[in-house]
Structures are given as structure tokens and as C-alpha cells.
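Structure first, commentary second.
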Amino acid sequence: MTALQSFDFVVVGGRLTGIVLASRLTEDHNVQVLVIEAGKDLTMDPRVNTPSMSSALGVLGGRRMEIPLERMLGGSSAINTLIFTPVAKSNIDAWADLGNPGWGYASFSKWMSKAYNFPNSPWETNGHGPLSISIPAEDSGWPKVWRDTIAALGYPISMDPFTGEYYGAVASPEAVQPSSKQRSYVGSAYLQPALSRTNFTVWTETTVDKILFDTKPVAENKDSVAAGVRFTRNGEKGTVSARKEIILSAGTFHSPKILELSGVGDAKLLQSLGIEVVVDNPYVGENLQSHPYCTMTFEAVDHKDYQTIDDLIRQEPAAIAEAMKRYEQEKSGPFMKSGLNATAQPPLPSDLLTADGSSDPRFVRSVLSFKTEASALYYSFAGYAMLGGEGGFAPMPTGVKNWFTAATLLAHPLSRGSTHITSESPSSMGPAIDPKYLSHPFDVEVLSRHLQQLYAIFRTEPLASHLVQGGNHLPSTVDFSNLDEVRDYVHQTAVAAHHYSSTCSMMPREFGGVVNEQLKVYGCKNLRVCDFSIAPFIPRCNPQATVYGISEHGASIIKSSS
């Protein structure tokens, strides 16, 4: 057994939020912070730092789906698709309206701006943080064709996403350092500058088994007090105490797992597994959400000004060597970007919205009723990127054709899933995840209609002229004018983006909350959760910018109360 150690704050999870929190807390040299991360330190790995090189189970229409439970220092910020899209004002204001004072857009945008810097921004932004973001150079005509086609459908193409009020075509910034063209992420932006501080300690390849509570207050009908954590490191068990607080930042799946292993969760589940109940809260691990989405692709005309990256997708050695040469020698080419930043956030045209939405919550109903509120997120990609039935990419068709692909993600799903432990042992297999994608029928209706709109985009000029007339396209057997066929396509092929959220939701306990607006776990003292699991419901955009905002806001809350 490792000897007992003590820190002011113990942060469980060295992912995006955990590193931001530790970096901000250790700005006070009198505060000692320990970050415990189960994964390895890969901050120097070129697969992390080269932007394009990065790139569990659930149920969807009877299909089993891959759900990655990434473990590494820096978490998903080290391997995501780089996109940094600011959250919409309406989304965050709705969080506050649930009973979370201080979480409205006016304050949240201030904390988000503390995370990033954006030199040469085409918009008026006030970012002044360590994370560098930029808009990649357009080295082909595809982004402009995409924007012009969105404009032809009557949507704006130049709104400022940093105002929080925008829709239409969006050139999404990416977390790429503009001069070095390396990935900018929490490891390079927050961790590396803080590692020299003597009050900042990081343990990697260390798993937290449970939170240790002082249970005496429970007997006195008071909140239980989180006192430390039990961990496993190098095969040895140990404990570490927290003089002030323990902060769970282990992510949407691991934060509720650790709570349940520690006795915070549904009493019936915990008792069935032989776990002593500390706090009975059946909402721990519930309310799981993500963005379901579908793809379609069309054969593209071969033109020197509209090149695709299909040769790289086919892994042609000459193409890979040329792309690497351009990146290393010129800091240009496909390896310096995601290839996904030409996006759109459109509303649903009223002529397509015929389904009964009377059963949906107030916020989603309001989104669908306003012509300027987006209800989906569209990505475009100059290459073949069709999805397979288990969440990975489908095999590429044979031959040397060029492709142009687009996807539509449902912005505000109503379906709610769950994640729960199945054993009292921390080392057992991962949690039982039941995402219940598309279990709410209204999700199918809205996503199907957005697929109809996406199909219309492919048939609209100028994009239509850059596709082979009468050429191959996938899906090839769906009649997109037939809503029943589109619904079937959604059920058969939709997968979920890796944007999982909301399993430790921030809302009043009687509404299903696990933490309050101060991120404190109900029924506990000295214990908070700060990661994407606290989002009451998922915002409409790629979540990276939102999670940085949560992290900075959470750090401010903790610093002001400690």
C-alpha cells in the first residue's frame, strides 16, 4: 500500500477540463494540485501534434455501436477533429433557464474567450487565452462552392459565430497553431506551461478506484464529506487525501462510473452490486446524449482546382509521401487541417416540417419554430467518408474515383440514454452503455427531413456542376422524396458523433440533476464534477469550444469559493 499523500485539490482525470482546472488553480502558488490520469502521456507524439493524423458498445436500430473511451493525457482534445465552433447563445441561455444562475451566455462567452486566441480572425473576437485557433487556408475551390450553394438556398454565409447568434454556412475555426501548423490543444496550451510549477503534480497511468468519504455526517443527516481517493498505480493500491476538494473531470462515462463505485448513485443498483450507498441519486449516469448523424456522397468531377483527398484515403504511397513533404517543408496541404471546417448550421425549412412536435420540450420546440435557429449541423468533406454500421468508416469503393461527402448531425436530440457500472470492481469491464439513439420518434422525423435538405444541396448549383452527372452516389437506392424511405435509411445507417454528454447533469435535483450551478455534487461536500457530463443538454455544435468554456467557468467558480 502506497503511503498516504495530501494535496489541496485532487483532480480526477487529466483530460481537457482537468488540465484547464489544474492550470488555473495552480496560478496560486500556495495551492497544491494533483491530477490523476489513467492514460499515458503522449504529448510529444507526432500523431497528436500533426493536425490530420488523429482522427463500449451501444444499441441503435438493433446494431451494436463502437463508443471510444479514450484514455490519454489531454483526452479528446489530443485526438479530436480540431473544430472549434462557438456555442449558440440560445443553447447556453437555456442551460441557465433550467435553474443554473450564472450560466447564461453573457457570462459563459466571457469564460470561453479566456481559453483561446485567434490572430487574424475575420471576425471581431476578444479571445485572449492560451489555445491558438485559426481558419485553414483554402487550397481548393470546394469550400467556396459549398458556401455559394448554401447561399443559393437562401441562407447567410458570413455571420459571425462568436456573437452566439448565427446560422447558415460557417467556416469553422480549428485548433491549429497558425505559424507552426501543429495541433493546439490542452496539452500544449495549458499543461506544458504549467508543468514547471512546483505546486502542479501529474500522475499518469493511474486509475482512481473510488472516492473516500467521511460517512459520520451521514449518520447525523448531513451531507457526506469527500476526503480523498483510492487509486491503483504500478500495480499498487494507495490513497491520497484532499485538504479542500476533489474534482471529477473524468468525462461523460468515467465521472458517473467513479461516483457509482463510490456509493453515489441509484441506491437499488448500488445495493444489488454490494456497494454501500452514500448518496441515493438515481440520475447519476442518466440523461446520456450525443448527436446522431448520417452521411451521403456523390462522385465528383476530376478538376485541378477541385482536388479531393481520395488518394490519401486509398492510402496511395505517393500521395501520402507528397502530403507529408508539403506539411514538413511548406506547412501546407491536407495534413495541416481537418478538411471538415466548411460547415453549415441551417434551420429546417417550414415546408419540410410536417411531423407533430407537440411532445418535445420547450427549448427544442422553440428552435424549430424560429427561422434563424439551426436544428442541425452539416459537415462537408472533399473525399470519400461514408460511415459504416458500427460507427467507423465504410469501405471505399474500388477504383480511382473522386468523391464529395456531406453529413448532417441532429443538433438537439430528444432521446436519452444511460451509462452504469455492472460490478463493484473498478477493474471490471467498461460500463453498460445504453445510448438509446433515435428512441424518441421526433429525432427520426427531424433528422430525416434534414437529410432531404442535404440531398437538395447536392442537387443545387454551383455544387451540382462539380459532381459527375449520372455518376455514382451513395446511398444509391434511397428515394429522398419519399420520407418513409429516408426514415428507413436513418434507422439503418445513423451513427453517433463522439460528443457524449450530460450524465452528471447540472440542474435542480428534482429535475434530474447530479450537480448544482456551482458544480457541487448533491448530497456531498468537497466534491464537484467539471466536464462535459454536466451539460444539461447537448449544444448544437461540435463541443470543443463549449468544453473549454465549461472548464474556464468551472475554474473561476472553484477559485472564488476556495
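The values are calculated or read from the model by the stated rules, or taken from the named source; none is laboratory data. This one's a predicted model, so the numbers in the text were calculated from it and none came from an experiment. Here the Cβ is made from the backbone with ideal geometry for all residues, glycine too, and neighbour counts use every protein chain on show. These area figures cover heavy atoms from the full protein model, side chains too; ligands, DNA and RNA do not enter into them. Shrake-Rupley method; radii C 1.70, N 1.55, O 1.52, S 1.80 Å.
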| request: Taking the residues in the stretch 515-559 that are of a type in the set (Val, Ile, Thr) and in a helix (DSSP H, G or I) as candidates, determine which candidate is surrounded by the fewest Cβ atoms within 10 Å (Cβ to Cβ). | output: ILE557
| request: Determine whether the stretch 487-500 contains at least one residue that is outside any strand (DSSP E or B), at pLDDT 95 or above and among the polar types (S, T, N, Q). | output: no
| request: Would you check which residues across the stretch 120-146 are in a loop (DSSP other than H, G, I, E, B) and out of contact with any helix residue (DSSP H, G or I) (no Cβ under 9 Å at 6 or more places or on another chain) and list them? | output: ASN120, PRO122, ILE135, SER140
| Which helices (runs of 4 or more DSSP H) sit wholly inside the stretch 258-356 and have at least 3 residues that are out of contact with any strand residue (DSSP E or B) (no Cβ under 9 Å at 6 or more places or on another chain) and over 30 Å from THR419 (Cβ atoms)? | 317-330
| note | The correct count of residues that are of a type in the set (A, V, I, L, M) and either open to solvent by 40 Å² or more (accessible area, probe 1.4 Å) or touching a Pro at 6+ places or on another chain (Cβ under 6 Å) (or both) in the stretch 93-136 is 4
| List pairs: first in the stretch 391-408 and open to solvent by 50 Å² or more (accessible area, probe 1.4 Å), second at pLDDT below 90, Cβ under 8 Å, 6+ apart or cross-chain? | PHE393/LEU387; PRO395/GLY388
| request: From (1) open to solvent by 10 Å² or more (accessible area, probe 1.4 Å); (2) at negative phi; (3) at pLDDT 95 or above, pick out the condition that doesn't hold for SER562. | output: (3)
| So which pairs qualify, if the first residue must be in the stretch 100-119 and at pLDDT 95 or above and part of a helix (DSSP H, G or I), the second must be small (Gly, Ala, Ser) and open to solvent by 20 Å² or more (accessible area, probe 1.4 Å), the Cβ gap must be under 7 Å, and the two must be at least 6 apart or on different chains? | TRP111/SER556; SER113/GLY127
| task | Please work out which one of (1) at pLDDT below 95; (2) within 20 Å of the chain's Cα centre (by Cα) is the condition LEU248 fails and give its number. | result | (1)
| For ILE421, all conditions in the list (1) among the hydrophobic types (A, V, I, L, M, F, W, C); (2) within 27 Å of VAL264 (Cβ to Cβ); (3) at pLDDT 95 or above; (4) open to solvent by 20 Å² or more (accessible area, probe 1.4 Å) hold save one; what is the number of the exception? | (4)
| Lone unmet requirement of (1) touching a strand residue (DSSP E or B) at 6+ places or on another chain (Cβ under 6 Å); (2) open to solvent by less than 10 Å² (accessible area, probe 1.4 Å); (3) within 21 Å of PRO539 (Cβ to Cβ) for ARG449 | (1)
| message | Looking at the stretch 306-353 only, could you name the residues that are within 29 Å of LEU409 (Cβ to Cβ), charged (D, E, K, R) and open to solvent by less than 80 Å² (accessible area, probe 1.4 Å)? | response | ASP310, ASP311, ARG314, LYS337
| request: Give the residue, chosen from GLY168, GLY141, GLY164, that is crowded, with 20+ Cβ neighbours inside 10 Å, in contact with a Phe, Trp or Tyr (Cβ under 6 Å, 6 or more places away or on another chain) and either of a type in the set (S, T, N, Q) or more than 30 Å from THR26 (Cβ to Cβ) (or both). | output: GLY168
